[in-house]
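In what follows, a single structure is set out as structure tokens and then discussed.
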Amino acid sequence: MKVASVLIPLPVPEAFDYEVPEGLNLTRGDQVAAPLGPRLVRGVVAEVFETTGSNRRLKAVDARLDDPPLPPRVVDFVEWAARWTLSPPGEMAATALKGLRAPRPRPERRVRRVERRQPLRATPARLAVLEALGAQTLTPADLARAAGVSSGVIKGLVDEGVLEAVEIAAEAAFDAPDPDHAPATLNGDQVAAAEALSQGVADGGFKPFLLDGVTGSGKTEAYLEAIARVLRAEPTAQILILLPEIALTQALIERIAARFGAAPAEWHSGVAPPRRRQVWEAVSAGRCNIVVGARSALFLPFVNLRLLIVDEEHDTSFKQEEGLVYHGRDLAVARARIEGAAVVLASATPSLETLWNAQQGRYAWLKLGARHGVAVMPDIALLDLRQNPPDPQTWLSQPLREAIGETLIRKEQVLLFLNRRGYAPVVLCRACGHRLTAPDTDSWLVEHRYTGRLVCHLTGFSMPRPKLCPSCGAEDSLVSVGPGVERVEEEVRQLFPEARTAVFSSDTVPDGKSARALIQRMTDGEIDILVATQAAAKGHNFPGLTLVGVVDADLGLRGGDLRAAERTYQLLAQATGRAGRADKPGRALLQTWTPEHPVLMALAAGDRDAFVEAEMAEREAASLPPYGRLAAIILSSENAQAVEKLANDLAQAIPNAERLEVYGPADAPLALVRGRRRKRLLVRADRDVNIQAFLRAWLSRVKVPGSVRLTVDVDPYSF
Ligand code: ADP
């Protein structure tokens with residue numbers, strides 16, 4: 001009998017076997033309806049094989065679905081990604097089918113001529129209709145407009161059988177990009193980079209690149225030119241561009257539309273489901289060349305994927321931590337390998353992993369020199385707060401205030417960067433010292449003044465600011481501690497009442513549309529001072545912006561995590577890189593209590609190499625990534641004892657392994673979230689150790705009770 005292994009969306013490590021009914025021809029990638037308990041579920045065929053053992057009592061596949069099959073290479077990718085991240089392959093496959101959840105847009109009713117049928121009465125209106133229609137198939141409304149008649153005339157012709165009504169599936173049209181629509185004139189470095197990239201695609205096979213150049217050096221321009229060359233050589237080539245934030249997509253889509261005369265397809269959670277279905281089907285039919293998307297676009301069913309671009313590759317937003325845990329950049333490289341395609345990781349501040357790969361010669365390293373044209377890098381200076389302490393309950397030092405004032409007089413713009421949402425990060429009671437937290441959760445409540453609420457950024461819990469201390473009941477004893485962007489804006493408005501100010505954070509710009517509107521206002525010079533979190537520090541070009549003030553440059557450096565220094569360097573380099581474009585020189589002032597910190601000194605000196613060298617040396621000494629590998633196992637449950645027990649079981653069951661250590665169990669960095677206890681075990685291994693095989697062996701030795709959620713995080717970022 002014939003058996004199909006089907007990837008079913010369930011949290012289990014294997015595919016399910018089903019009998020293939022007589023007469024049903026299935027191959028890898030086909031989508032099927034398969035029985036699961038009393039239901040039918042959508043699954044993807046991973047394998048079909050013959051078996052003689054007739055004692056197996058398998059349920060039968062119900063039917064093959066109409067939807068297009070997943071290309072076999074997408075199935076390869078799904079299976080590889082599931083193995084790499086130790087995720088259930090059926091759930092990975094479900095990610096690749098997400099676009100199909102929405103119904104197809106309703107088919108359109110149109111009319112066309114029935115051959116050799118003449119109208120019984122040939123009125124002028126009827127003849128006008130037949131003339132306007134010719135051999136076309138049009139909607140009745142379009143036809144009525146074209147012929148200048150009322151819709152009754154068309155109905156009459158249909159009733160008489162001269163015209164017939166047909167249903168046409170609404171297929172989205174994606175205009176073909178024209179590589180020569182609006183070519184750019186590139187500088188020497190850009191030409192060299194575009195040439196290398198397009199040559200890599202032309203040569204065929206897997207080719208990874210690092211595209212490395214300061215903000216504004218023209219990386220985007222260079223890869224757009226590479227895309228043009230690829231499309232000129234191969235008009236059916238498909239190209240995927242991944243961005244870390246939805247807020248960045250619109251600007252790139254507009255740039256691509258301007259360059260190629262056709263907008264690319266857009267793919268992320270903000271795109272309406274029926275539209276996503278159209279994109280999915282167009283990508284799968286090869287009717288769409290360029291897709292701009294978030295990391296989930298990696299799972300689209302491309303049929304001729306030749307080039308992947310991961311822009312701002314260092315950005316930690318590429319790491320998905322909810323649901324399936326994976327790193328979009330790493331999976332992009334894997335997808336390119338499986339497709340035999342080129343992949344470009346672009347950044348002004350590449351991750352240490354990517355730099356390491358480039359240093360080792362595993363990635364071709366393309367460098368763009370200076371900023372394009374006459375634009376120069378901003379002048380970066382550290383402001384020692386020990387010498388210029390701000391007044392109590394204010395956050396801007398005298399020198400920064402003066403710099404803001406001078407910039408405003410020149411009618412130029414200011415960006416004040418503080419990576420903290422809301423008004424104040426902590427609210428505490430002066431009487432008893434109690435700090436307000438969300439119920440059953442370890443993180444502090446953040447005060448938001450615009451909404452008048454205290455909000456937990458982790459769980460979304462919120463409440464009005466209480467009058468009394470919830471712990472000791474004291475009246476008027478609660479104080480807001482420290483600044484968030486709202487509080488800095490308050491200070492700025494008091495200092496510069498004439499200036500037009502705005503706050504840019506995920507609270508004030510919750511979606512792509514509002515982000516676009518605010519970015520436009522800033523670009524048009526309608527805002528003088530923008531106070532922003534990292535949401536605005538990435539990727540945007542503001543031509544009138546000449547001063548960037550970093551309110552608290554020490555902020556990220558205090559965290560104890562592996563990537564604290566790297567992340568702070570990247571974030572501050574991005575933020576300060578917003579200053580000055582084109583012909584206006586920019587400057588950046590970083591307020592700090594620790595101007596001797598090596599990260600800040602490297603930033604001020606504009607010496608990325610010095611920072612990278614020092615940071616690499618530290619990682620190497622500790623055998624941490626990129627010199628070693630990490631994985632975390634996180635256990636969580638409302639039942640604290642069950643977590644404790646499983647953690648201990650795991651600790652007892654560690655397989656023997658060399659050049660590998662297990663740390664913990666210990667409380668996870670967030671030990672209590674929504675009443676769930678969280679514990680963590682951390683694995684460190686040398687680079688050449690197969691950490692996945694170790695984890696699989698280990699996990700097979702314990703039984704996970706239903707009450708505990710176990711998450712594996714290969715290459716964890718938040719700890
Ligand atoms: P990056 O991606 O490295 O930040 P961009 O490609 O966005 O850089 O370029 C920065 C700015 O310089 C953009 O406004 C872009 O239009 C302009 N620019 C870059 N290269 C060129 C070029 N060759 N000709 C004209 N303008 C360019």
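Please treat every number below as a calculation from the coordinates, not as lab data. Everything quoted here is computed from the prediction, not taken from an experiment. With ideal geometry, Cβ positions are generated from the backbone for all residues, glycine too; neighbour counts draw on all protein chains shown.
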The answer for ASP379, listing residues at least 5 apart or on another chain whose modeled amide H is closer than 5 Å to its amide H, is GLY586, ARG587, ALA588
Relative to the longest principal Cα axis of the chain, at what angle does helix 608-621 sit, 0 to 90 degrees, rounded to 10?
90
Calculated FRET value between ALA192 and ARG101, using beta carbons and R₀ = 51 Å, to 0.05
0.70
Acute angle (nearest 10 degrees) that the helix 72-85 long axis makes with the longest principal axis of the chain, alpha-carbon atoms:
30
Once amide hydrogens are built 1.01 Å from N within the peptide plane, the residues lying 5 or more places from VAL344 or on another chain with amide H under 5 Å from its amide H are PHE209, LEU308, ILE309, VAL310
Report, in deg cm²/dmol and to the nearest 500, the calculated mean residue ellipticity at 222 nm for the chain, where each DSSP H run with n ≥ 4 adds -39500 (n - 2.57) and the sum is divided by the residue count.
-9500 deg cm²/dmol
Going by how many other Cβ atoms sit within 10 Å of their own, how do HIS434, HIS327, HIS314 line up, fewest first?
HIS434, HIS327, HIS314
What's the center-to-center distance, using Cα atoms, between segment 361-424 and segment 299-359 in Å?
30
Treat each spin label as a single point 7 Å out from the Cα along the C-beta direction, and report the ALA666 to SER269 distance in nm.
3.0
Could you check the simple spin-label distance between GLU638 and SER700, using points 7 Å along Cα→Cβ, in nm with one decimal?
3.4
Under a Cβ-Cβ limit of 4.7 Å, which cysteines in the chain have nobody to pair with?
CYS288, CYS456
Taking LYS645, LYS703 and counting other C-beta atoms within 10 Å, the order from fewest to most
LYS703, LYS645
Show log10 I(q)/I(0) for segment 1-149 at q = 0.16, 0.19 Å⁻¹, two decimals, from a solvent-free Debye sum over equal Cα scatterers.
-0.82, -1.08
Derived scalar couplings ³J(HN,Hα) [segment 485-493; Karplus, 6.51 cos²θ - 1.76 cosθ + 1.60; whole Hz; x for Gly, Pro]
4, 5, 6, 5, 4, 4, 5, 4, 5
Taking only Cα atoms, what is the 0 to 90° angle, nearest 10, from helix 273-284's long axis to the longest principal axis of the chain?
70
Output the Kirkwood hydrodynamic radius of the chain, Cα pairs only, in Å rounded to one decimal.
29.0
What FRET efficiency comes out for the pair ASP686/ARG386, r = Cβ-Cβ distance, R0 = 41 Å, nearest 0.05?
0.45
Can you give me the Cα centroid spacing of segment 1-44 and segment 244-296 in angstrom?
31
Distance between modelled label sites at TYR627 and ARG116, nm, 7 Å Cα→Cβ extension
8.5
If I take R0 = 51 Å and measure r between the Cβ atoms of ARG521 and ALA125 in this structure, what FRET efficiency does the formula 1/(1 + (r/R0)^6) give, to the nearest 0.05?
0.50
Listed peptides 381-389, 73-81 by packing density, highest first (mean Cβ within 10 Å):
73-81, 381-389
Please work out the Cα center distance from segment 595-645 to segment 97-138, rounded to the nearest Å.
64
Under 15 Å between alpha carbons, and skipping anything fewer than 8 positions from LYS467 in its own chain: which aspartates and glutamates qualify?
GLU447, GLU475, ASP476
